[in-house]
Each structure stands twice: as structure tokens, then as C-alpha cells.
Amino acid sequence: MRALRDFRPGQIYGVTQRGNNAQWVYPEDEDFRYSVDLMKKYAVRHEVRVHGYCLLHNHGHWTLEGPTEEAISNLMRD
């Protein structure tokens, strides 16, 4: 298991998520919407602010700000 990143409360971080072996993460339009809906749900749960995002078929970029050191890691895990 990978060690937690060094996130600091109140700082803004760029987070990238990718598919394995360049596989598409979002093959259909509804997959993009579903991912944004999940991010909204878990951002509320972990009190993470989503400042922006860009989703492409094989990866996504998120700009996030967490209130605690582990909030962003927990958000991405969930």
C-alpha cells in the first residue's frame, strides 16, 4: 500500500487519476457524469472543496483543497 501523500490543510492540490495501462476510465458520456456525482457526494462527506476538474477518457484532473491532512486521500480512496 502506498504511503499517504503530504497534504496540508488549506492548501490547493492537483490530483490526477488514471486508468491502468492507459485504459479508458470514462468510455461513455454517463461515466463522466457519474464520476462528477460521486466526487460531489464524497467531497461533502470529507469536507473537501473541489476548485476545478477536467475529465478525459483515460484520466482525470481534480483541483482539491482539504481541511485536514487526510481528507483528500480519504476522498480519493472512497
With a cut-off of 14 Å, note down the residues of segment 31-49 whose backbone N falls inside the zone around a label point 7 Å from the Cα of residue 77 toward its beta carbon.
46
Could you give the angle, 0 to 90 degrees to the nearest 10, between helix 29-46's Cα long axis and the longest principal axis of the Cα atoms of the chain?
10 degrees
Per residue, in Å², the accessible surface of the chain once ligands and nucleic acids are set aside, probe 1.4 Å:
73 Å²
Ignoring any ligand, DNA or RNA, what whole percent of the accessible area of the chain comes from carbon and sulfur when the probe is 1.4 angstrom?
47 percent
Among 20, 7, 52, which residue has its Cα positioned farthest towards the positive end of the charge dipole of the chain, with +1 placed on the Cβ of Lys and Arg, -1 on the Cβ of Asp and Glu, and the dipole taken about the Cα centre?
7
Where N is the number of residues in segment 38-78, Cα Rg divided by 2.2 N^0.38 Å:
1.11
Alpha-carbon gyration tensor eigenvalues x 5, square-rooted, for the chain, Å
22, 14, 10
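The values are calculated or read from the model by the stated rules, or taken from the named source; none is laboratory data. Keep in mind it's a predicted model, so treat the numbers as computed, not measured. FYI the Cβ positions are ideal-geometry reconstructions off the backbone, even for glycines, and counts take in every protein chain you see. Areas reflect the complete protein model, heavy atoms only, side chains present, ligands, DNA and RNA absent. Shrake-Rupley method; radii C 1.70, N 1.55, O 1.52, S 1.80 Å.
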